[in-house]
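Student: Starting off with a structure, shown below.
Any read-out appearing in this document is the output of simple, stated calculations on the displayed coordinates, not a laboratory observation. Predicted, not measured: the structure shown is a model, and the values here were computed from it. Ideal geometry is used to build each Cβ from the backbone, glycine not excepted, and the neighbour counts take in all protein chains shown.
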Amino acid sequence: MSKKSAFEAELNEIHAIFAKKLKGLIEKGEQTVIAGEVHTVSPSAATLNVIRTFLKDNNITCDKGLPSRPVGELAASMDKIIEETLPEDLPKFTN
């Protein structure tokens, strides 16, 4: 039984390290080599997808009724874009 506990502790540690690494990529960006020089750039689409999948796999969601400020701003931006670009005669689908 103690082997299982040690194994679980190791998995928890790996999970925590991975979460911290992903958080660091969001906060600090990624390093890439461009023309022989190292540059820090925003996370790539592939990295952002890994982060999204990690959050989804861990059941981390945003409550639609209580969105974070960035999520709320994104939703408002999308609503505005949709409102401005869709023809008026199209039905609007809401929850």
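Student: Of GLU84, GLU13, GLU27, which has the largest mean-square fluctuation in a 10 Å C-alpha GNM of the chain?
Tutor: Greatest mean-square fluctuation among the candidates belongs to GLU84.
Student: Further question on the same structure: Just name one of SER5, GLY29, ILE51: the one whose Cα is farthest towards the positive end of the charge dipole of the range 2-61 (beta-carbon charges, Lys/Arg +1, Asp/Glu -1).
Tutor: SER5
Student: Of all the stretches in the chain, which is the longest one without any exposed loop site, taking trypsin sites (Lys or Arg not before Pro) in a DSSP loop (any state but H, G, I, E, B) with at most 13 other Cβ atoms within 10 Å?
Tutor: 1-63
Student: If you put +1 on each Lys and Arg Cβ and -1 on each Asp and Glu Cβ, how big is the dipole of the range 1-84 around its Cα centre, in Debye rounded to 20? The partial results should precede the final answer.
Tutor: On the way: 11 positive and 12 negative charges, 68 e Å.
Magnitude of the dipole: close to 320 debye.
Student: If each Cα of the chain is one equal point scatterer, what is log10 of I(q)/I(0) from the Debye formula at q = 0.12, 0.23 Å⁻¹?
Tutor: Cα-only, vacuum Debye calculation for the chain: -0.67, -1.21.
Student: To continue, here is another question. Which aspartates and glutamates, if any, have their Cα less than 19 Å from the Cα of LYS20, not counting same-chain residues under 8 positions apart?
Tutor: GLU8, GLU10, GLU30, ASP57
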